[in-house]
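The numbers here are math on the coordinates, done by the rules we state, and not lab data. Please read these numbers as outputs of a predicted model, since none were measured by experiment. Every residue, glycine among them, receives a Cβ derived from its backbone with ideal geometry; neighbour counts consider all protein chains shown.
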Amino acid sequence: MGKKDLWQSDYFDDKKRFADMINGAFFKGEQIMAAEELEEMDSKLVHHEKSGETVNVIRDKVYRWKGQHVSICVLENQSYVDYRMVFRVMLEEAVSYIKQQKRAYKKWADAGYKFEGAELLSQMRKEEKYTPVITLILYLGTEKEWDGAKSLYEMLEISEELKPFVVDHKLNLFDYHEYKDFSFFKTENKIIFELLSCAKDKAKMEKVIRENQYILDKETAKAILEMLGIKVNLNKIMVKTKEGVRYSMCKAIDDLKESGRREGRREGKREEQKEGLRSLVNILASMLSDLDTIYDKIISEKKYQNITKEQIEKLYYAK
């Protein structure tokens, strides 16, 4: 996982946010899943093929919902379009089912169950039932809408005659670009998508932040700043509230603007120094022909002591 994927995984360690994401994406805000019903599971799946090949599958966040026999909700995060996503999800879900099958086989074998015939060959009991695996792809890309396939059929060259005999696999994909209103989210997820939806329009994004005066918990503030590519020291935007330490997005915008002004002043000074150095090289070159002597005279001045000989050579031969 990349840096963004790492914060996304940490962000959804909060069960309320995870449940809210599922309720918003699957049920349009209806409160079907409750945080207290979630049981966290290992997100890593390892499958060993008979050929000796090992398949490692890393998923972002996995919870079991309502015990063993309702569903496992797998939350994937993508900040870019992965055109293989249908294949990836098919593999992840297949490996998850195989892992369940192997775990069940070991449990019964350890308990002394006698596998015979087809059950021995299959390494599973005839009546065995497994937990459904449901995968939500959460697309957070800011450059463009999701333009990849959303089903297996879209990735196949297949005739209409054969299509009924090929099992399709459809993605459960949430792309915030498709929505204008995010009120079906009840947690900080709403704020994240509101800001993501105007990420390309800096003036609009600032307007939204100023109007809403967002004061956020650390995880949400960090998530939003990293998503939007805003480099701000969290300590500079910290505020104390009745609920404890929080982080102000208005202060983040102010700090970003001030950083831009400081960088502009630094750039101006660098350009001013460069012009002064160019003029000095031209003046010395008109009097001296030896480049080493010109270089020695220039670095004898305190403000040019860090100038390299290569820089002087470029200016000398460019005159």
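On the principal axes of its alpha carbon atoms, the range 89-170 extends 56, 37, 14 Å, with the longest extent given first. Electrostatic tally near residue 219: other residues with Cβ closer than 10 Å to its Cβ, Lys and Arg +1, Asp and Glu -1, net -2.
The gain in end-to-end length when the residue 154 to residue 211 segment is fully stretched comes to 16.3 nm, 0.36 nm per residue minus the alpha carbon separation. Fully extending the segment from residue 274 to residue 111, taken as 0.36 nm per residue of separation minus the present Cα-Cα distance, adds 50.7 nm.
On the beta carbon distance between residue 81 and residue 311, with R0 = 41 Å, the FRET formula returns roughly 0.45.
On the beta carbon distance between residue 302 and residue 282, with R0 = 30 Å, the FRET formula returns roughly 0.90. If you wrap the Cα atoms of the range 117-218 in a convex hull and average its projected area over all directions, you get 12.4 nm².
Just need the relative contact order of the range 126-269 here, percent rounded to a whole number, with Cα pairs under 8 Å and 6+ apart.
18 percent
As a calculated quantity, the FRET efficiency between residue 103 and residue 14 at R0 = 22 Å, using C-beta atoms, amounts to about 0.20. Sparsely packed loop sites in the range 106-157 (the chymotrypsin sites (Phe, Trp or Tyr not before Pro) outside DSSP H, G, I, E and B with at most 12 other Cβ atoms within 10 Å) comprise 113.
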